[in-house]
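Enquirer: My questions all concern the structure below.
The values are calculated or read from the model by the stated rules, or taken from the named source; none is laboratory data. Please read these numbers as outputs of a predicted model, since none were measured by experiment. Positions of Cβ are backbone-derived with ideal geometry, glycine not excepted, and every protein chain shown enters the neighbour counts. SASA here: full protein model, heavy atoms, side chains in, ligands and nucleic acids out. Shrake-Rupley method; radii C 1.70, N 1.55, O 1.52, S 1.80 Å.
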Amino acid sequence: HLRRDLEESGHLTHEGGRWRWSTRTELPPQGTLHQLLERRVRRLPAVARAVLEAVSVLGRDCDEELVADMTGLPAEEVAEGLAGLVAAELLVPTFERVRGTLAFSHEEVARATRALLGGDRLALLHRQAARVLTNRPGVAASEIATHHEAAGAGPQAHEYALRAADAALALYENDSAALLLASAERNAPSLEALADVRVRMASLAEVAGRYEEAEALCELALAWYEEQGDRLH
């Protein structure tokens with residue numbers, strides 16, 4: 001990435017089989033890898049940068065169809081953008097055989113790309129990711145829940161976190177289920193929903209032998225049910 005940064009900025013050229021450098025005084029100041037990657041991202045053409053931003057928020061291997069759905073760009077522009085990013089060694093092809101997919105050459109590239117996004121833009125892309133992945137077969141509910149939460153869509157994050165928790169519990173993945181229920185608790189759209197998820201969390205804590213935690217969660221839920229006159233719960 002350092003070599004590509006110097007080439008793109010014109011400080012390193014290859015002429016007649018030889019490398020030529022700018023004078024030392026013209027070279028960019030020493031910086032971190034993160035700063036170097038941000039410079040590379042900022043130089044990208046608009047379409048290539050839009051594609052890279054979408055892929056960085058998706059956080060998964062992607063293909064042209066997925067990126068086109070995320071960005072709303074024409075297929076030919078997406079293909080051109082992806083090809084440019086591969087040529088720049090920011091994305092690399094994977095070995096997925098069914099359909100050609102691409103991934104980041106390094107997670108630091110994705111992190112630097114996301115760091116350049118403003119809060120509103122980042123939330124918008126997470127909303128897009130949640131929408132696109134919901135309509136894509138085989139995507140885990142936990143992944144969709146993560147995007148909804150990052151987008152600030154609490155009710156949807158709550159719904160998909162509960163779905164994912166149920167799926168995890170069916171496979172006896174109690175630790176994963178606990179994390180998903182915590183997400184559902186953070187995003188509960190109402191006090192009734194909050195009480196319900198706390199009962200679920202208490203049940204899981206009891207199974208894990210965390211009895212004090214289970215009791216505390218039950219008392220929080222009971223306080224709500226008693227206030228509502230809900231004798232059944």
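Enquirer: Could you check the stretch 68-184 for helices (runs of 4 or more DSSP H) lying wholly inside it with 3 or more residues that are under 18 Å from residue 44 (Cβ atoms)?
Expert: 75-87, 107-115, 119-134
Enquirer: Is it the case, given these coordinates, that residue 192 is acidic (Asp, Glu), under 27 Å from residue 64 (Cα atoms) and touching a residue at least 24 places away in the same chain (Cβ under 8 Å)?
Expert: In short, no.
Enquirer: Are any residues in the stretch 23-55 open to solvent by less than 90 Å² (accessible area, probe 1.4 Å) and among the acidic types (Asp, Glu), and if so, which ones?
Expert: Scanning the stretch 23-55 gives 38, 53.
Enquirer: Quick one: how many residues across the stretch 133-152 are surrounded by fewer than 21 Cβ atoms within 10 Å (Cβ to Cβ), within 16 Å of the chain's Cα centre (by Cα) and not charged (D, E, K, R)?
Expert: 7
Enquirer: Being in a strand (DSSP E or B), modelled with pLDDT of 90 or more and of a type outside the set (A, V, I, L, M) is the filter here; which residues of the stretch 1-37 pass it?
Expert: Of everything in the stretch 1-37, those that are in a strand (DSSP E or B), modelled with pLDDT of 90 or more and of a type outside the set (A, V, I, L, M) turn out to be 13, 18, 19, 20.
Enquirer: Suppose we filter the stretch 42-59 for residues that are assigned to a helix (DSSP H, G or I) and under 18 Å from the mean Cα position of the chain (by Cα); how many remain?
Expert: Residues flagged as assigned to a helix (DSSP H, G or I) and under 18 Å from the mean Cα position of the chain (by Cα) within the stretch 42-59 amount to 10.
Enquirer: Sticking with this one: Return only the number of the condition from (1) buried (at least 17 other Cβ atoms within 10 Å of the Cβ); (2) closer than 30 Å to residue 52 by Cα that residue 117 does not satisfy.
Expert: Every listed condition holds for residue 117 apart from (1).
Enquirer: Quick one: how many residues across the stretch 197-215 are part of a helix (DSSP H, G or I) and open to solvent by less than 60 Å² (accessible area, probe 1.4 Å)?
Expert: 7
Enquirer: Only one residue in 135, 174, 187 is out of contact with any strand residue (DSSP E or B) (no Cβ under 9 Å at 6 or more places or on another chain), among the polar types (S, T, N, Q) and over 28 Å from residue 204 (Cβ atoms), so which one is that?
Expert: Going through 135, 174, 187 in turn, just one is out of contact with any strand residue (DSSP E or B) (no Cβ under 9 Å at 6 or more places or on another chain), among the polar types (S, T, N, Q) and over 28 Å from residue 204 (Cβ atoms): 135.
Enquirer: Please go through the stretch 171-192 and pick out each residue that is of a type in the set (D, E, K, R) and either open to solvent by 100 Å² or more (accessible area, probe 1.4 Å) or over 17 Å from residue 218 (Cβ atoms) (or both).
Expert: 173, 175, 186, 192, listed by residue number.
Enquirer: May I pose another question? Would you check if there is a residue in the stretch 75-97 being of a type in the set (Asp, Glu), touching a Ser or Thr at 6+ places or on another chain (Cβ under 9 Å) and either without any contact (Cβ under 8 Å) to a residue 40 or more places away in the chain or surrounded by 17 or more Cβ atoms within 10 Å (Cβ to Cβ) (or both)?
Expert: Yes; the residues of the stretch 75-97 include at least one that is of a type in the set (Asp, Glu), touching a Ser or Thr at 6+ places or on another chain (Cβ under 9 Å) and either without any contact (Cβ under 8 Å) to a residue 40 or more places away in the chain or surrounded by 17 or more Cβ atoms within 10 Å (Cβ to Cβ) (or both).
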